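Novice: Dropping the structure in here first, questions after.
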């Protein structure tokens, strides 16, 4: 682009009036002789006030602007199977939630199934939050840390639930105790 | 760039050739513009990325939530996640603490929790129960609403609002009923 502009200079100089000629050549020559340091000229895109809830995240550029958006390899466990599993757990929670109200109390196994379903449902929900709020491209490390922290927390919670189901009274009975205390 | 410069040079020649009285007004502006230097510097790919990154940091980020008109649709959607995270967070906090209670010396057995809850006055019990029942009822009813949508039903604007108001009504009735149990 610079060379393209340079070829035009003689024509520009030749056709200019003598009064403005010296000024143009001097400034044009200066800009070609001494390359200025790279400048970032930032234009204001919007006149409205910026209302940031959080500071702007790191700007990560992968590839060039001409690259097409990457299409992830299709994987049923991330797609339709995951969706079906999510719904199955959610649908299963309906009778499991109503049963204690209807029957007054539930079998310990049913109570354990309810607890496990709640933990799985919660885990999927938290996973969705991690995926939404820690974009992999911008916060790769944080995403990994959050994912593993969630996995660890879920394991700890499952252990706690096991202890509660075996050594204590179980979820439905426990809530009933506190609720009617 | 090339064509622009050629046009500029051409115009310049035309302006200098014609008497000043015959030219339209922008002649002065044109003259001033042509004397300004247009610096172009060769940049490497990495430098280009750096400029792009700096430019992007100055961009306004995705619009703030408050610019949108409050509508039942997205308000209820947000509250589904908020209540879900609150309920699951409470579940995780309790069972993780229960798992760690022998190490931390905490007493989180159902009998201990029920005994401490019993010491509260009626208003305190009611407030805590309502605080727990409200997100539980809302998330449960709206979960059912989502499952109805997943079956492809009530997906019209009318259906979305009808089921939305139904969820709100059921939430109030159920949570107050639960809190009074």
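Novice: Taking each residue in A:112-120, count the Cβ atoms of any other chain within 10 Å of its Cβ, then average. What number comes out?
Specialist: Whole-number average of other-chain Cβ neighbours for A:112-120 is 1.
Novice: Listed highest first by mean packing, meaning other Cβ atoms within 10 Å per residue, what order do B:73-86, A:61-74, B:102-115, A:159-172 come in?
Specialist: Packing order, densest peptide first, comes out as A:159-172, B:73-86, B:102-115, A:61-74.
Novice: Measuring from label point to label point, each 7 Å out along Cα→Cβ, what is the residue B:147 to residue B:101 span in nm?
Specialist: 3.1
Novice: Using 1/(1 + (r/R0)^6) with R0 = 45 angstrom and r between the beta carbons of residue B:157 and residue B:37, what's the FRET efficiency to the nearest 0.05?
Specialist: 0.20
Novice: Could you give log10 I(q)/I(0) at q = 0.08, 0.10, 0.18 Å⁻¹ for the stretch B:26-181, computed by the Debye formula over C-alpha point scatterers of equal weight, without solvent?
Specialist: -0.52, -0.66, -1.16
Novice: In peptide B:138-147, what is the residue-averaged number of other protein chain Cβ atoms found within 10 Å of each Cβ?
Specialist: For this peptide, the per-residue mean of nearby foreign Cβ atoms is 2.
Novice: While we're here: Considering every residue in A:90-97, what mean count of other chain Cβ atoms within 10 Å of its Cβ is obtained?
Specialist: Whole-number average of other-chain Cβ neighbours for A:90-97 is 2.
Novice: I need the calculated FRET efficiency for the pair residue A:53 and residue B:52, taking r as the beta carbon distance and R₀ as 25 Å, to the nearest 0.05.
Specialist: For residue A:53 and residue B:52, the calculated efficiency is 0.55.
Novice: Modelling each spin label as a point 7 Å along the Cα-to-Cβ direction, I'd like the residue A:103/residue A:139 distance in nm, to one decimal.
Specialist: Distance between label points: 4.2 nm.
Novice: Here's another thing I want to ask about it. Given the Cα-Cα distance of residue A:163 and residue A:75 and 0.36 nm per residue of separation, how much length would full extension add, in nm?
Specialist: 28.1 nm
No lab work stands behind these numbers, since they all come straight from the coordinates. Everything numeric here is computed off the predicted structure, so don't read it as measured data. With ideal geometry, Cβ positions are generated from the backbone for all residues, glycine too; neighbour counts draw on all protein chains shown.
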